[in-house]
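Shown next, in structure tokens, is the structure this report addresses.
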Amino acid sequence: MKLKILITVLFSLWAIALQAQHNFLTKKQINEDIEFLTSTLNDKSSYTYLNGYNFNTDFENYLKTIGDTTKLEDFGLFITKTLAKIGDRHSSLTTIRGYSLNESLFLPYMYAPHNGKVVVLNLNQNKEFKILNPKFPYLKKIDGMEIKDFLQKTRPEDIEAPEETYFTMAVRDIRDIQKNYTILNKPLPKQVKLTLSDVAFKKDTTILVSPVDRSNRLRPWDEKFESKYVLVDDEEYNKPEIIKQLFKIKDSIAYIKIPAMSSKGEAPLLFDELNSFMKSIRNDSKALIIDVRSNSGGTRDLIYEFANYLVHPDSVYVVNATKQRATVPLLEEYIERLHGRFLFSYSELTKREQASVDTFLKTFKPMYELDDKKFSEYYFGLFNGQKLSEQSFYYNKPVYILANEKTFSAASVFVSVFKGIPNIQIVGVTTDGSSGNSEWFDLPNSELFGKISTMVSFQKNGKIFDGYGTEPDIKIERDMNQILWKSDTQLKKLKSLIRTED
């Protein structure tokens, strides 16, 4: 028995030593990982150096500041911050994986974004949202640090996101106070002082709160409409009971909710229902709302399924221009991936489509001129109404696409490509634009891994998606009732607007 105990103890000590060893990296290991990442970025990353940021300088300075060994989490945080500055939103959203910061203590309450301020929420006896202190609803400072300064430093992975996206994501993360203090390189006190302010942001009060453990934390704030689908997997959008909730018509206003950009192969029933619904509202509706708020992306299949109905048969539009970072001429692998995003080279287009591209290029002014030695020719996304109408009909009523700051990736492409098309208006707030054709990388020593984008995708106005998103034609922001889950005010305001335009 004693021998077994001794063996168990020795094994436990060995496991602890092994884990401790894994949590530290030598300077040589870090240097090798940085060299590997530098080579990967220089060879494959499409966004490297575009915004003027030179990561080499930060790598060099980091190597000068570290000692003989460094904690894995410190290195992981440094890589996260560095890659985010490049401006690659796909890389930023997935973040660098393979390390974790200590997250065992949390601030009580919930934190929600409201017109550039932070609302502090709690739950009432019925588990409903309420404002913690109605006289002082807004969070002004944390331990004396102005909330804007705090937020600007605690979400490094989104530092190049559109302003509204960054603010929302950073506000939701206020709860994760231990992680935030690690990022700020400050010790977490036993009690955290929160300064609350009134509506005018002039009168203040302070409260001291003790961080709580994981079991007592509240979930991060989300929209009510978002929470319904947060745990729904992509393949579940092929289930009738899920699909039925997404299509509605009331008072002649048709409404389609798209929580994820599902593929046709993955969710054929969703596409069948979409086509059936469009036929059913052809004569019985006066307008259509397509809601892609908080849709984090997927494939572009739904874009072109909707285009069957939203693009006039006599028209051809260039809606997206992309260049792929790779050895030229492109390997078939890259061409297939571009085709999977409905992107085609000039030579692959019909004469009518080429004429539309020629006209487009006369006024197209991309914000970046890319090196022809490193990037492919342009691959274009087009809406050819003649081709699209072969399978459907043209819905000639007003269409409103409702988006928000968490509309990302293929969903943000959805918003961008339809912006400016006749009869279509974008409503809500600026999207979290991104379009990257990403590839994974793995660092050899730390075993950190993440994504980098390999293409640069331009919107029609010449801006890239990443860091800019697409601005709405009609801006409608959430109000306090929407924050408190009492109503979907953005949707209600849009419906009211549609009724006044009768």
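The values are calculated or read from the model by the stated rules, or taken from the named source; none is laboratory data. Given the structure is predicted, the values throughout are model-derived calculations rather than measurements. Please note: Cβ atoms are built from the backbone with ideal geometry, for glycine as well, and neighbour counts cover all protein chains shown. Just the protein is used for accessible areas: all its heavy atoms, side chains included, with ligands, DNA and RNA removed. Shrake-Rupley method; radii C 1.70, N 1.55, O 1.52, S 1.80 Å.
In segment 405-431, the residues that are among the hydroxyl-bearing types (Ser, Thr, Tyr) reach residues that are in a strand (DSSP E or B) and modelled with pLDDT of 95 or more with C-beta atoms within less than 7 angstrom, at least six apart or across chains, in these pairs: THR407/ASP432; SER412/ASP432; THR431/ALA403.
Here the condition is being assigned to a strand (DSSP E or B) and within 30 Å of LYS71 (Cβ to Cβ); of LEU194, LEU139, LEU208, LEU218, it holds for LEU194 alone. Taking (1) out of contact with any helix residue (DSSP H, G or I) (no Cβ under 6 Å at 6 or more places or on another chain); (2) assigned to a helix (DSSP H, G or I) in turn, TYR309 satisfies each apart from (1). Applying the set (1) open to solvent by less than 20 Å² (accessible area, probe 1.4 Å); (2) assigned to a loop (DSSP other than H, G, I, E, B) to ASN133 leaves exactly one unmet item: (1). Can you confirm whether THR195 is more than 30 Å from SER412 (Cα to Cα), of a type in the set (S, T, N, Q) and touching a strand residue (DSSP E or B) at 6+ places or on another chain (Cβ under 6 Å)? It is true that THR195 is more than 30 Å from SER412 (Cα to Cα), of a type in the set (S, T, N, Q) and touching a strand residue (DSSP E or B) at 6+ places or on another chain (Cβ under 6 Å).
For segment 467-477, the set of residues classified as out of contact with any Pro (no Cβ under 7 Å at 6 or more places or on another chain) and either modelled with pLDDT under 95 or open to solvent by 30 Å² or more (accessible area, probe 1.4 Å) (or both) consists of GLU471, ASP473, ILE474, LYS475, GLU477, listed by residue number.
The criterion of at least 2 residues that are among the acidic types (Asp, Glu) and open to solvent by 20 Å² or more (accessible area, probe 1.4 Å) is met, among helices (runs of 4 or more DSSP H) falling completely within segment 326-407, by 332-339. Here ILE242 does not fit the description of being modelled with pLDDT of 95 or more and open to solvent by 70 Å² or more (accessible area, probe 1.4 Å). Scanning segment 33-82 for residues that are touching a residue at least 12 places away in the same chain (Cβ under 8 Å), open to solvent by 70 Å² or more (accessible area, probe 1.4 Å) and more than 30 Å from SER376 (Cα to Cα) yields ASP68, THR69, LYS71. Within segment 89-102, is there a residue that is farther than 30 Å from TRP485 by Cβ and part of a helix (DSSP H, G or I)? Scanning segment 89-102 turns up at least one residue that is farther than 30 Å from TRP485 by Cβ and part of a helix (DSSP H, G or I). Part of a helix (DSSP H, G or I), touching a residue at least 40 places away in the same chain (Cβ under 8 Å), closer than 30 Å to GLU157 by Cβ and in contact with a Ser or Thr (Cβ under 6 Å, 6 or more places away or on another chain): does that describe SER435? No, not satisfied. For segment 158-191, a residue qualifies if it is out of contact with any Lys or Arg (no Cβ under 8 Å at 6 or more places or on another chain), in a helix (DSSP H, G or I) and open to solvent by 20 Å² or more (accessible area, probe 1.4 Å), and the qualifying residues are GLU163, GLU164, PHE167, ARG172, GLN178, LYS179, THR182. Under the condition of being in contact with a Phe, Trp or Tyr (Cβ under 6 Å, 6 or more places away or on another chain) and at pLDDT below 95, the residues counted in segment 99-132 number 0.
Of all residues in segment 486-502 being in a loop (DSSP other than H, G, I, E, B) and farther than 18 Å from ALA403 by Cα, which is most open to solvent (accessible area, probe 1.4 Å)? Only one residue fits best here, namely LYS486. Filtering segment 443-460 to residues that are touching a helix residue (DSSP H, G or I) at 6+ places or on another chain (Cβ under 9 Å) and either within 17 Å of LYS419 (Cα to Cα) or open to solvent by 10 Å² or more (accessible area, probe 1.4 Å) (or both) leaves PRO444, ASN445, GLU447, LYS451, SER457, GLN459, LYS460. Restricting segment 347-399 to residues that are free of Cβ contacts under 8 Å to residues at least 12 places away in the same chain and of a type in the set (Asp, Glu) leaves a set whose member that is nearest to ASP466 (Cα to Cα) is GLU369.
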